[in-house]
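Following: one structure in structure tokens, then a few remarks.
The values are calculated or read from the model by the stated rules, or taken from the named source; none is laboratory data. Just so it is clear, the structure is predicted and the values come from calculations on it, not from any experiment. Note that each Cβ is placed from the backbone with ideal geometry, even for glycine, and that neighbours are counted across all protein chains shown. With ligands, DNA and RNA removed, areas are computed over all heavy atoms of the protein, side chains included. Shrake-Rupley method; radii C 1.70, N 1.55, O 1.52, S 1.80 Å.
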Amino acid sequence: MNGKTILLVSRHDYRTGWRAGRHFLADAFRAQGHSVQFFSVGFSPLSLLSNDHRKSLFGASNKWQEVDGIGCYLWRSPLHPFGKGLGNHAALTNGMFRWWIGSKCNALDEASRQADLIVVESGIAAALIGRIRRSTPNAQIIYFVADLLETISAHSFIAEQLYRDRAAISDIVVVARAMAPHFEGFGCPVHFVPHGVSKSDFDHIGPSPYETSGNIATVGSMLFDPAFFDIAAPAFPDMHFHLIGTPELGRSFDNVTEYGRMPFKDTLPFLKHADTGVAPYADRDGADYLADSSLKLMQYEFLRLPAVCPQYAVGDKANRHGYKPGDPVSIKDAVGQALNTPFADEASKVLDWKDVADRLLALDRAAALIKS
């Protein structure tokens, strides 16, 4: 296979300790012998006033750096629009988006021009697809939909701009089948390619970090519902809840420990040696696609860890125990079932990220959920 030049455009930065699907995908492409560049967007001096996890890279912005064989660039513009907008100031937000899309960034234009394949993730990066296409008329541009824009409360301008630029998209990839109908009017193929896990990372997990038995773990911040722990922690005083990389609860419980963010591999012993894993997603319209796309639930499955999650995220998985967000009875029942139900052996359908990379490179030969 001839190596390609692949550009990933994301709000995340490859160099942070915060690992998400696009980081693993970049690693998979690199391992296959491709030239990979990871371009991070949506960053400016305004980011220093927020909880942006890229703040430590401020001094490394606006210049290329190679890390683990991957070219990294954090575009720091003088200003940038916030992905969720500025409340009711629609005109101001829209104006900021338009200015930002057209503002000077030779590095993005040149990286786009050189790429054979460009993967643009959902979120603020989606607003740049038209600009990217103008720099590269022949490259394959994949809009990679890890989350629906409305589910993550992205500002409406992003979806509107994405639709205006729909002719610039070669293929849309959704990580859950339930997402596909949202793109029926885009006029390009829509493919289902689920997330994967880096299975090699799970080969040598360290010893248990727990001092006592009876542990429940969760990791990650997406759609985090702190009210779950208001109910579950008092209801199970003999269990200890371990929260990794979650927003702060703002209140304390004797049996809850909050760790903040930590490197991905450091989280694995907490999951491997727990009794149950929790995916405490909030109740949100349109979030049912998480039954297919939740990376944490895939990790729990791969580790043979019973999972507790909202009913809408259970899907057809026997080892997920669902509850209704905010409902004490169903939360207690779900946790109790997860703690007392043996893990059901079934063929794992979890992909490795190299399988995901292979599928993205072969979209022209794959059946589409929606054809162009």
Karplus-derived 3J(HN,Hα) from phi for region 48-56 (6.51 cos²θ - 1.76 cosθ + 1.60, θ = phi - 60°), whole Hz, x at Gly and Pro, runs 5, 8, 10, 9, 4, 6, 9, 4, 5
Options SER122, THR151, SER170, ranked by Cα towards positive dipole end of region 122-170, top entry (Cβ charges)
SER170
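If you put +1 on each Lys and Arg Cβ and -1 on each Asp and Glu Cβ, how big is the dipole of the chain around its Cα centre, in Debye rounded to 20?
Values: 37 positive and 40 negative charges, 276 e Å.
With Lys and Arg at +1 and Asp and Glu at -1, about 1320 debye.
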Kirkwood hydrodynamic radius, computed over distinct alpha-carbon pairs, for region 239-305: how many Å, to one decimal?
13.4
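Return the percentage of antiparallel bridges among DSSP beta bridges fully within region 169-319, rounded to the nearest 5 %.
In region 169-319, DSSP labels about 5 percent of beta bridges as antiparallel.
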Compute the separation of the alpha-carbon centres of region 107-145 and region 252-281 and state it in Å as a whole number.
36
Which listed residue (GLY69, THR136, PHE264) has the Cα farthest towards the positive end of the charge dipole for the chain, taking +1 on Lys and Arg C-beta and -1 on Asp and Glu C-beta about the Cα centre?
THR136
Here the percent of antiparallel bridges among DSSP beta bridges lying wholly in region 37-193, to the nearest 5, is 15
Give me the extension gain from ASP230 to LYS265: residue separation times 0.36 nm, minus the current Cα-Cα distance, reported in nm with one decimal.
9.8 nm
Whose amide H sits under 5 Å from the amide H of ARG19, counting only residues 5 or more places off or on another chain, with H placed in the peptide plane?
PHE264
With every protein chain left in place, what is the accessible area per residue of the chain in square angstrom, probe 1.4 Å?
44
Electrostatic dipole magnitude of region 274-372 [Cβ: Lys, Arg +1; Asp, Glu -1; Cα centre; debye, to 20]
120
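Normalised by the number of residues in the chain, what is the relative contact order in percent for Cα pairs under 8 Å and 6+ residues apart?
15
Per the Kirkwood formula on distinct C-alpha pairs, the Rh of the chain is how many angstrom?
That comes to 21.6 Å for the chain.
If you roll a 1.4 angstrom probe over the protein chains with everything in place, what fraction of the accessible area of region 1-147 belongs to carbon and sulfur, to the nearest %?
Values: 3030 of 6030 Å².
Carbon and sulfur together cover 50 percent of it.
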In the chain, what percentage of the DSSP-assigned beta bridges are antiparallel, given to the nearest 5?
10
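What length, rounded to one decimal in nm, is gained on full extension from SER156 through to ALA107, with 0.36 nm per residue of separation minus their alpha-carbon distance? Could you put the intermediate results ahead of the total?
Numbers: separation 49, 0.36 × 49 = 17.64 nm, distance 2.69 nm.
Roughly 14.9 nm would be gained on extension.
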Under a point-charge model restricted to the Cβ atoms of Lys and Arg (+1) and Asp and Glu (-1), what is the dipole moment magnitude of region 1-63 relative to its Cα centre, in debye to the nearest 20?
40
Region 232-372: radius of gyration over Cα atoms, expressed as a fraction of 2.2 N^0.38 Å
1.17
Taking 0.36 nm per residue of separation between ASP254 and LEU339 and subtracting their Cα-Cα distance, the length gained on full extension comes to 28.6 nm
Accessible carbon and sulfur surface of region 290-372 relative to its total accessible area, %, 1.4 Å
49
